[in-house]
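Here is the structure we will look at.
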Amino acid sequence: MSMRKDTHTRSGVERRQVILGLGAVSAAALVASPTVLRAQAPITLNGAVQFNDDHAFTKALVRFEERVKALYGKPVNFNLHKNSSLGLEKQYFEYMAQGRAVDYAIVSPAHMSTFARAAPFIDAPFVFRDVAHMGNVIKAKVLKPIEDEVERRAGVRLIGHAGGGTRNIFANKPFKNLAEMRGLKIRVQGAPIWSRTFAAAGMSPTVIAYNEVYNAIQNGVIQAGENEAAGVEAMKFFEVAPNLVLTQHAVSIRPICFSMKMLTTLPKDLQDAIVAAGAEAGEFGRQVESSEDSAKLETLEKAGRLKRIVFEERDAMKRLTDPVMAAYAREIGAEAIFGQLSGV
């Protein structure tokens, strides 16, 4: 416990130091002409991710960097801050909207709800049948109205869609059906649709910051959380909740975001490279995470770190949440999007 707390304290200090340093660079940039600065050194873009090099999100952002450099063909530097050194995804989105500290990042749609009410809907339970369905929805541009609203109201462009991990429930007790799941105290994401759907399925959902989930389970505040395999592995949730119940209730979608305040200051050919690279990196990220899902869980189970439990009533769970999803779509003006999903 104390070691985790100390680590969080140090990372908080490091994060403040990094942000202050970036602020100093921005202040200096205001004094000089952008033309002069670009003549002196290549453009530097700052990214952020909550995870280490092994996580699919980090791999997607590294691919983004590689593709931008290849497509642009001129010097450009990337500085990707890993392991939550600049905070969490919620902060990344705020920084991008404000045009400071972070230029690009992968962010959960749940953190975009202040600007676009329909944004969290695309990451809600049972929206996508599987990863292939998600890919078809993206290619058909079904999500474009949400993307446009986020860009218009937040000043952040969604340039690609990573994710692709199947989400299951990790818990400190085993269960295999709705009756045994009833009353489960589970952490959910901040978007209202998650609390509503999980409550409809009989659970007792509560919103807790992602980096506090481990301690909350350890201290008995909650009993469970839900995540894809990469998150379970990276955050070591199996240490406090070793029962992984295969509810397969969602397929994660995680947009690659870019600050418009930065993007509009860049040369047109670099802007084009960034947008094209974002789409490519998003597809790459989906392939990586979906392909790694089963392998990660199998490795953890073989090592005795978690136990996979087949959930017997996934279809029944979906039926309980369907009316909630339909009502929520009407409430947030996403009926057209909801209606298109099944036909793609």
Problem set entry | Any pair with Cβ under 6 angstrom, 6 or more apart, that starts in region 96-109 at a residue that is closer than 16 Å to V275 by Cα and ends at one that is among the hydrophobic types (A, V, I, L, M, F, W, C) and surrounded by fewer than 24 Cβ atoms within 10 Å (Cβ to Cβ) | D103/L45; D103/M262
For this session: Output the residue which, of all residues in region 170-194 that are among the aliphatic types (A, V, I, L, M) and either in contact with a strand residue (DSSP E or B) (Cβ under 8 Å, 6 or more places away or on another chain) or at pLDDT 95 or above (or both), is nearest to F237 (Cα to Cα).
Result: A171
Exercise. From A276, A295, which residue is small (G, A, S) and surrounded by 13 or more Cβ atoms within 10 Å (Cβ to Cβ)?
Worked result: A276
Seminar exercise, completed: Contact list, first residue from region 44-71 and within 20 Å of G164 (Cα to Cα) and in contact (Cβ under 8 Å) with a residue 60 or more places away in the chain, second anywhere and of a type in the set (G, A, S) and assigned to a loop (DSSP other than H, G, I, E, B), beta-carbon distance below 6 Å, six or more apart or interchain, is Q50/S84
Exercise. In region 135-153, is there at least one residue being hydrophobic (A, V, I, L, M, F, W, C) and over 25 Å from R63 (Cα atoms)?
Worked result: no
For this session: Could you grab me the full set of residues in region 246-292 that are over 30 Å from R167 (Cα atoms), assigned to a helix (DSSP H, G or I) and out of contact with any Phe, Trp or Tyr (no Cβ under 6 Å at 6 or more places or on another chain)?
Result: M260, K261, M262, L263, K268, D269, Q271, D272
For this session: Return the residue satisfying two criteria in turn: it lies in region 315-344 and is in contact with a Phe, Trp or Tyr (Cβ under 9 Å, 6 or more places away or on another chain) and surrounded by fewer than 15 Cβ atoms within 10 Å (Cβ to Cβ), and of such residues it is nearest to F175 (Cα to Cα).
Result: D322
Exercise. Any idea which residue in region 125-146 is nearest to the chain's Cα centre (by Cα), counting only those that are touching a residue at least 12 places away in the same chain (Cβ under 8 Å), in a helix (DSSP H, G or I) and farther than 16 Å from S252 by Cα?
Worked result: I146
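The values are calculated or read from the model by the stated rules, or taken from the named source; none is laboratory data. Predicted, not measured: the structure shown is a model, and the values here were computed from it. In this analysis, Cβ positions are derived from the backbone assuming ideal geometry, glycine residues included, and neighbour counts consider all displayed protein chains.
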